[in-house]
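Heads up, the thing below is written out as structure tokens.
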Amino acid sequence: MNGISNALNGLYDISGVEVGQHFYWQIAGFQVHAQVLITSWVVIAILLGSAVIAVRNPQTIPTAGQNFFEYVLEFIRDVSKTQIGEEYGPWVPFIGTMFLFIFVSNWSGALLPWKIIQLPHGELAAPTNDINTTVALALLTSVAYFYAGLSKKGLGYFSKYIQPTPILLPINILEDFTKPLSLSFRLFGNILADELVVVVLVSLVPLVVPIPVMFLGLFTSGIEALIFATLAAAYIGESMEGHH
Amino acid sequence: MKNVTDSFVSLGHWPSAGSFGVNTDILATNPINLSVVLGVLIFFGKGVLSDLLDNRKERILNTIRNSEELRGGAIERLEKARARLRKVEMEADQFRVNGYSEIEREKLNLINSTYKILEQLENYKNETIYFEQQRAINQVRQRVFQQALQGALGTLNSSLNNELHLRTISANIGLFGVMKEITD
């Protein structure tokens with residue numbers, strides 16, 4: 001038994017890739033993934049802090065930070081308007097939060113040197129590389145588009161299940177399950193996979209080779225954030241439309 | 001889940017894990033690559049981003065300047081229109097005032113000229129009457145004269161005969177004799 005554990009020790013010494021081992025906290029009888037919480041808090045702090053700093057003292061001719069945030073806001077508004085249509089106003093904060101949270105968490109996971117901080121178990125990385133995070137975001141989106149449809153059309157919202165023909169009813173019901181499933185897995189898969197590729201490449205050739213893959217990771221994670229936000233807006237728009 | 005974790009922990013001690021700390025293994029924590037990536041990102045991203053943001057700022061400035069100019073132009077035109085309005089109003093007032101006095105004057109002029117014409121006509125009438133009167137009187141005088149002369153002529157013709165002529169001559173001779181006596 002001792003020999004095996006020594007060998008295992010040696011093995012663990014060599015391979016520093018700990019996949020699937022998470023850092024757990026016990027909060028009120030639930031086991032939570034602490035590393036995801038910690039990195040989420042950092043992302044939230046970055047977002048809130050930069051927003052608060054940029055919105056201090058607004059001028060008519062914007063300063064650099066204010067200009068940048070206004071540009072981001074215009075971009076998000078444009079996405080919402082394209083997807084949702086005319087009543088896009090109340091949904092801009094939701095879409096904006098989705099987009100900014102996912103974008104900043106993806107890019108923070110790729111750019112910030114998280115591995116310098118060592119945890120007892122597991123490691124710090126982007127909060128969206130945990131399926132729990134992405135499923136939570138996808139379920140929020142589901143709730144959002146249900147709420148949008150119900151608040152606009154009332155119980156007549158359920159008539160969309162038998163548009164255009166009642167034969168498609170099972171497919172429409174299935175769609176309500178596949179939408180959050182696809183959203184969550186798309187994001188989770190992309191982020192975790194890119195992270196794993198970078199880690200493996202670093203453990204193989206630490207110096208120059210991972211760099212193109214890191215750039216690819218930045219690009220795709222940015223696109224993923226945009227896709228998530230656009231799809232969320234599209235689902236909301238789709239459930240609010242067709243009332244003519 | 002907790003059982004799995006427990007069994008993992010009991011399998012062996014993890015030498016590099018077990019507590020919070022700082023990982024100083026450069027090859028594992030990847031700072032070189034990260035700094036390269038960050039450097040390239042900032043280098044290119046700064047250019048693109050500042051272009052975008054400058055464009056946006058330019059657009060905002062232009063829009064503001066345009067609207068300020070339009071506003072200034074509109075205010076100018078408003079002022080000009082107001083000034084013109086005031087001028088036209090004053091002129092209209094003046095016209096109104098002048099117009100009334102003009103009307104009064106014209107009225108007076110008309111009245112005066114009509115009065116004068118009436119006077120002239122009156123004069124003509126009077127003169128004509130006078131002349132007619134005079135003519136009538138002259139005619140009557142002429143007639144009377146004529147009548148008197150005719151009467152005298154008739155009387156003369158009726159009473160002129162030789163006897164009268166002899167008496168007249170003898171009277172005249174007697175008169176001449178008396179005059180001659182006086183002058184002697």
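State yes or no: is A:SER221 buried (at least 18 other Cβ atoms within 10 Å of the Cβ), within 14 Å of chain B (Cβ to nearest Cβ) and either in contact (Cβ under 8 Å) with a residue 40 or more places away in the chain or in contact with a Cys (Cβ under 6 Å, 6 or more places away or on another chain) (or both)?
Judged against the criteria, A:SER221 is a match.
When you look at A:ALA110, is it open to solvent by less than 20 Å² (accessible area, probe 1.4 Å) and of a type in the set (A, V, I, L, M, F, W, C), yes or no?
Criteria not met by A:ALA110.
Name every residue in the stretch A:197-212 that is within 29 Å of A:ALA138 (Cα to Cα) and surrounded by fewer than 16 Cβ atoms within 10 Å (Cβ to Cβ), in order of residue number.
A:VAL197, A:VAL200
Residues to consider are B:GLU122, B:GLU76; find the one that is over 30 Å from A:ILE61 (Cα atoms) and part of a helix (DSSP H, G or I).
Exactly one residue qualifies, and that residue is B:GLU122.
Do we have any residue at all in the stretch A:56-79 that's touching a Gly at 6+ places or on another chain (Cβ under 7 Å) and at pLDDT below 90?
no
Could you list, in sequence order, the residues of the stretch A:19-29 that are within 11 Å of chain B (Cβ to nearest Cβ), free of Cβ contacts under 8 Å to residues at least 24 places away in the same chain and either open to solvent by less than 40 Å² (accessible area, probe 1.4 Å) or part of a strand (DSSP E or B) (or both)?
A:GLN26, the sole residue that qualifies.
Cβ-Cβ below 6 Å, separation at least six or inter-chain, first residue in the stretch A:203-218 and without any contact (Cβ under 8 Å) to a residue 60 or more places away in the chain and in a loop (DSSP other than H, G, I, E, B), second crowded, with 16+ Cβ neighbours inside 10 Å and of a type outside the set (Phe, Trp, Tyr): which pairs?
A:VAL209/A:LEU201
Any residue that is within 10 Å of chain A (Cβ to nearest Cβ) and not in a helix (DSSP H, G or I) - is there at least one of those in the stretch B:35-44?
no
Looking only at the stretch A:70-84, count every residue that is hydrophobic (A, V, I, L, M, F, W, C) and either open to solvent by 70 Å² or more (accessible area, probe 1.4 Å) or at positive phi (or both) and tell me the total.
Final tally of qualifying residues: 2.
Restricting attention to the stretch A:98-118, does a residue exist that is under 17 Å from A:TYR235 (Cβ atoms), touching a residue at least 12 places away in the same chain (Cβ under 8 Å) and not β-branched (Val, Ile, Thr)?
yes
Any residue in the stretch A:183-193 that is part of a helix (DSSP H, G or I), among the polar types (S, T, N, Q), closer than 21 Å to A:HIS22 by Cβ and more than 14 Å from chain B (Cβ to nearest Cβ)?
Checked against the condition, which is being part of a helix (DSSP H, G or I), among the polar types (S, T, N, Q), closer than 21 Å to A:HIS22 by Cβ and more than 14 Å from chain B (Cβ to nearest Cβ), the stretch A:183-193 yields at least one hit.
The values are calculated or read from the model by the stated rules, or taken from the named source; none is laboratory data. On a predicted model such as this, the values are computed, not experimentally measured, just so you know. No Cβ is skipped: glycine too gets one built from the backbone with ideal geometry, and neighbour counts run over all protein chains shown. The accessibility values were calculated without ligands, DNA or RNA, using every heavy atom of the protein model including side chains. Shrake-Rupley method; radii C 1.70, N 1.55, O 1.52, S 1.80 Å.
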